[in-house]
Every structure is written in C-alpha cells, then in structure tokens.
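K.L.:
If you scroll down you'll find the structure; I have some questions about it.
The values are calculated or read from the model by the stated rules, or taken from the named source; none is laboratory data. These numbers come from a predicted model, not from an experiment. FYI the Cβ positions are ideal-geometry reconstructions off the backbone, even for glycines, and counts take in every protein chain you see. Ligands, DNA and RNA are stripped out before the accessible areas are found, and what is left, the full protein with its side chains, is counted by its heavy atoms. Shrake-Rupley method; radii C 1.70, N 1.55, O 1.52, S 1.80 Å.
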Amino acid sequence: MEPSARRRFMIVVITAGTIGLLLIGVGIYGLIRGPGTSADPSDPSETSAPRSTDPGRGSDALPMVRGSADPVDYAREIAQALFTWDTSSGIDRSDYLQVLADEAAPAGEEGNGLVADLGNYFPTQEQWRQLLGYETRQQLTIDSAEVPGSWAQILEDASGQLAEGTVAVTIRGERQRSGVWNGEDASSSHEVAFTVFVLCPPEADRCHLLRLSGLGTPLE
C-alpha cells in the first residue's frame, strides 16, 4: 500500500442499528469511539465482577494475552484482558492498560488511537481510587465472538486501503463486577457488545491489536 493512499480519508457509514464505523487512511483506520463513561463510583450496583478463575488471570497477576494467529481466538484474548481487573490487587490501572498497549501492531501507526480507545474502556484514575475503596473487581463472560457479516463489504469498499490481514471480530458477552458495599458483598452484571480490530498478516505467527469500537456500538 502506498503511503499516500494511507493518508486519504475514507468513511464507511453503517446506518443499520445506528452503528457507525469510520475508516481513516491515516495509519490504518480510526473508529468512531464512544464507550459509555464509567459508572458513578458511589453506586455499588455499578461499581462493584467475581474474581476470574482463569489460572492466567486473577487478583495476584496481570491479565495475559497468550497470542494467536487466529483472529477470533486472539480477539477473545484481547476482550478478556480488556475487562479483567481488580482494584484491590495492588496492580495499578496503568499496568492493566499497558498489557493491551503492548499488543499494538508493530508498525505503531494506530498506537495513539489505540491508547485512546483503551482509556475509554477503563475507569479514570480518580474513579479507580474510589473503586479501590469498594475492592471492585471486573471480568467478562464471552457469549460469542465472530467476524461480523458487514466486514466483507467493508473490505470491498476499502479497495485495498486496509493492510492485508485486517479483521474485525465482534464480541458479545456479560460484564460482571463485584465488590464490598457497607461491609457486604455486592455484584452486578451487564450485557456488552463491541468490535475488536486486529491485524493477522498471512505469514505472521500471531495477530496484533489495531483498534476498538465504542462499547455498545459493534459491527453487525
């Protein structure tokens, strides 16, 4: 792909279900972001997920992204790492974010956009400190992970402007939070849906993370 072609703007708007995707030629693409702002930390039902039983995750360790050359498997790993955190683990918010930032595509062309996307999925630093008072934990149960039906048309419309091996994977599942409120255990769960954009070049041994859609605005 010629550098000049990457700098051209191209917009693909998907109106069905009020879902939008903005493909931008600077780097690989940018997304219309918009994960909802974090819940009011004073509301125990919104600020307080059971600890993960995955041996690769938990309150005593950062989430792990094991890596895969399969885009769907890799997107599932990213989704789990994105939603797995424990404010009482002694691990800072920035450390959880770094795990995912380290998965950025090597070229780094979408690095700044990815960091912004990730920040929108996590509580702010101030909210994190307040959530720590409730020993808040979060995890994700994935119900489905698949390449959305619209992706083939998006690739066709892109006319080769997306790097070979770029794949969108839509994740649907249940976000679970738990913590302690007035000395008692409290928990809540909410359905979530979002799209993970990954780069899996044909000859590469693993995929890398490009961008994230807004939470609640997945590609269908």
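K.L.:
When residues of region 175-198 are filtered for being at pLDDT 95 or above, in contact with a Ser or Thr (Cβ under 6 Å, 6 or more places away or on another chain) and not polar (S, T, N, Q), how many remain?
P.N.:
1
K.L.:
Follow-up question, since we're still on this one. Return only the number of the condition from (1) open to solvent by 30 Å² or more (accessible area, probe 1.4 Å); (2) assigned to a helix (DSSP H, G or I) that ALA75 does not satisfy.
P.N.:
Of (1) open to solvent by 30 Å² or more (accessible area, probe 1.4 Å); (2) assigned to a helix (DSSP H, G or I), only one is false for ALA75: (1).
K.L.:
Can you name every residue in region 179-208 that is in contact with a helix residue (DSSP H, G or I) (Cβ under 6 Å, 6 or more places away or on another chain), closer than 30 Å to ARG129 by Cα and open to solvent by less than 10 Å² (accessible area, probe 1.4 Å)? Write out each step before concluding.
P.N.:
Residues of region 179-208 in contact with a helix residue (DSSP H, G or I) (Cβ under 6 Å, 6 or more places away or on another chain): 181, 186, 188, 196, 198, 200, 207.
Adding the requirement that they be closer than 30 Å to ARG129 by Cα leaves 181, 186, 188, 196.
Within region 179-208, just VAL196 meets the criteria.
K.L.:
Next question, about the same structure. Here are THR166, THR136, THR141, THR87: which of them is of a type in the set (Val, Ile, Thr), open to solvent by 40 Å² or more (accessible area, probe 1.4 Å) and in contact with a strand residue (DSSP E or B) (Cβ under 8 Å, 6 or more places away or on another chain)? Break it down into steps so the answer makes sense when it comes.
P.N.:
Details: THR166 fails: open to solvent by 40 Å² or more (accessible area, probe 1.4 Å); THR136 fails: open to solvent by 40 Å² or more (accessible area, probe 1.4 Å); THR87 fails: open to solvent by 40 Å² or more (accessible area, probe 1.4 Å).
After ruling out the rest, the residue left standing is THR141.
K.L.:
Of all residues in region 171-207, which are out of contact with any strand residue (DSSP E or B) (no Cβ under 8 Å at 6 or more places or on another chain) and not polar (S, T, N, Q)?
P.N.:
Across region 171-207, the qualifying residues are TRP181, GLY183, GLU184, PRO201, PRO202, GLU203, ALA204, ASP205, ARG206.
K.L.:
A follow-up question, please. Would it be correct to say that ARG172 is buried (at least 20 other Cβ atoms within 10 Å of the Cβ) and modelled with pLDDT of 90 or more?
P.N.:
Working: buried (at least 20 other Cβ atoms within 10 Å of the Cβ): no; modelled with pLDDT of 90 or more: yes.
Spelling it out, it is not the case that ARG172 is buried (at least 20 other Cβ atoms within 10 Å of the Cβ) and modelled with pLDDT of 90 or more.
K.L.:
Pull up region 90-114, narrow it to residues that are part of a helix (DSSP H, G or I) and surrounded by fewer than 19 Cβ atoms within 10 Å (Cβ to Cβ), then point me to the one that is modelled with the lowest pLDDT.
P.N.:
Restricting attention to region 90-114, the residues satisfying the condition of being part of a helix (DSSP H, G or I) are 93-101, 111-114.
Next cut, surrounded by fewer than 19 Cβ atoms within 10 Å (Cβ to Cβ) only: 94-95, 97-98, 101, 111-112.
Working: SER94: 94, ASP95: 95, LEU97: 95, GLN98: 94, ALA101: 93, GLY111: 67, ASN112: 77.
Looking at residues that are part of a helix (DSSP H, G or I) and surrounded by fewer than 19 Cβ atoms within 10 Å (Cβ to Cβ), I get GLY111.
K.L.:
Scan region 60-78 and give yes if some residue there is of a type in the set (Lys, Arg), out of contact with any Gly (no Cβ under 7 Å at 6 or more places or on another chain), more than 30 Å from ALA163 (Cβ to Cβ) and at pLDDT 90 or above, otherwise no.
P.N.:
No, because not a single residue in region 60-78 is of a type in the set (Lys, Arg), out of contact with any Gly (no Cβ under 7 Å at 6 or more places or on another chain), more than 30 Å from ALA163 (Cβ to Cβ) and at pLDDT 90 or above.
K.L.:
Take region 78-129 and flag every residue that is of a type in the set (Val, Ile, Thr) and over 13 Å from the mean Cα position of the chain (by Cα). Before you say what the answer is, go through the steps one by one.
P.N.:
Filtering region 78-129 down to residues of a type in the set (Val, Ile, Thr) leaves 78, 84, 87, 91, 99, 115, 124.
Residues satisfying the conditions are THR87, ILE91, THR124.
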